[in-house]
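Read the structure below first, then the notes.
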Amino acid sequence: MKVFKAAVLPCVLLVAGAEQTRSNPLGKVLQLVDDLTAKIIKEGEAEAKAYHEYFEWCDETSKNTDYAIKTSSDQKAKLEAQIDKHTSDIEVAGSKIEELSAAIAKSEAEAKSATLIREKEAADFAASEQEMVMGIETLDRAIGILEKEMAKNPAALAQVDSTDVAGAVQVLGTMLEAAAFSGSDQRRLLAFVQSRQAGRDEDADLELSAPAAATYKTHSGGIVEVLEDMKEKAETELSDLRKAEVNAKHNYEMLKQSLEDQVAADTKDMDDEKAAKAAAEEAKATAESDLETTNKDLANSKEQLATAHSSCMQTAADHEATVASRAEELKAIAEAKKILEETSAGAVSQSYSFLQMASGAQMLTRTDLARSEVITMVKRLARQHHSAALAQLASRMAAVVKLGGAAGEDPFAKVKGLI
């Protein structure tokens, strides 16, 4: 609409100027139409340049935003993979920690149990060793006493049947008492001899080929020889007991060391797993934080792309509409110029005077014709474009020209104000 007003106003001003200078008004109008056409084309070119630059910005923005979206999407996938891996590492480490903790507890329990068994074995050995040592010492003293008695009276024990343990013990007790052998030593010796004999009887029962009564027949029949044999066997058993104790202690120490080493290794592995789990948890938290930031950046980039796309598409639509409107304006101006040229053929090169009449409404000169053509052109444009504003302008221009001419005034001075 502004372009239409700009087209009409110079025409009116040109006609008014023609009256003042008494030159050809229609030639001026045609010149102005050409200038207006050139101006509109120039404005269109400027707008097209700005539109081209804007769409270059749109393309650049779209390209950069697409790259940002791709980068964020790749980063998102990478972070999600890292989070999944860290989660798996945490679960694996937690499982290993539980297994190692159970293994450590088991090893410690085994070590504790082995220690308790070893303490009982050591206590039993100590008691057995003490008993055997004291028995051997008692036998040794008893043998010494008996040998002295036999030296004094060789026939004293000659009639003692060493196979009759009960009788031999009775005689042995009598002799030891007479030899001032202490009561506790006598009881210990007798108990020791009886226990040794009981043990030998049990061994003999296991040997089906040997009768129980022949236990000591391989030795001399004397009681001293029996006691010496007991002492020798007791010393052998004591030696075996001590060897067994050494072996048991060694085995315990080996087992204990093995369990302690296993506990130490499992503890180290568990500490490593705890450290790995803590590192994985920290890395997972960092990745989750980075993922949150990346998701926000990705959402912002997508939003920016959508906004830029919408804005660019709207600008393209607006530009298309403007181009179409400008084409219509140029078409309308061309049609107006054609009308002016057709209706004023031969009059362009002439000059006219502006005659005013008091009765005022007759077109006495070519100038009046030019006025009429301008008004007619505005009315035609109003009809073509269905513009109420142009129709109203044409009507008011006609009224002003008519009334202004009757009053002897410059009618186009008022027309300027209408436009």
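Take the residue pairs LYS120/LYS233; LYS42/LYS63; LYS106/LYS243; LYS78/LYS284; LYS120/LYS268; LYS39/LYS338 and return only those whose Cα atoms are more than 23 Å apart. Don't jump to the answer; show the numbers that get you there.
Numbers: LYS120/LYS233 25 Å; LYS42/LYS63 31 Å; LYS106/LYS243 30 Å; LYS78/LYS284 12 Å; LYS120/LYS268 32 Å; LYS39/LYS338 18 Å.
Beyond 23 Å between Cα atoms: LYS120/LYS233; LYS42/LYS63; LYS106/LYS243; LYS120/LYS268.
How large is the accessible surface of LYS268 in square angstrom, using a 1.4 angstrom probe and rounding to the nearest 10?
Spelled out: LYS268, probe radius 1.4 Å, area about 120 Å².
Over segment 231-346, give the accessible area per residue in Å² for a 1.4 Å probe, as an integer.
Working: 7320 Å² over 116 residues.
Dividing the accessible area of segment 231-346 by its residue count gives 63 Å².
Rank these by accessible area, largest first, 1.4 Å probe: MET150, MET270.
Details: MET150 65, MET270 30 Å².
My answer, sorted largest first, is MET150, MET270.
Tell me, what ³J(HN,Hα) does each residue in segment 92-103 have, in order and in whole Hz, if you take phi through Karplus 6.51 cos²θ - 1.76 cosθ + 1.60 with θ = phi - 60° and put x for Gly and Pro?
5, 4, x, 5, 5, 4, 5, 5, 5, 5, 5, 5
In segment 25-105, what percent of the accessible surface is made up of carbon and sulfur (1.4 Å probe, ligands and nucleic acids excluded)? Don't jump to the answer; show the numbers that get you there.
On the way: 2820 of 5080 Å².
That fraction is 55 percent.
The values are calculated or read from the model by the stated rules, or taken from the named source; none is laboratory data. Predicted, not measured: the structure shown is a model, and the values here were computed from it. Side chains included, ligands, DNA and RNA excluded: accessible areas come from the protein's heavy atoms. Shrake-Rupley method; radii C 1.70, N 1.55, O 1.52, S 1.80 Å.
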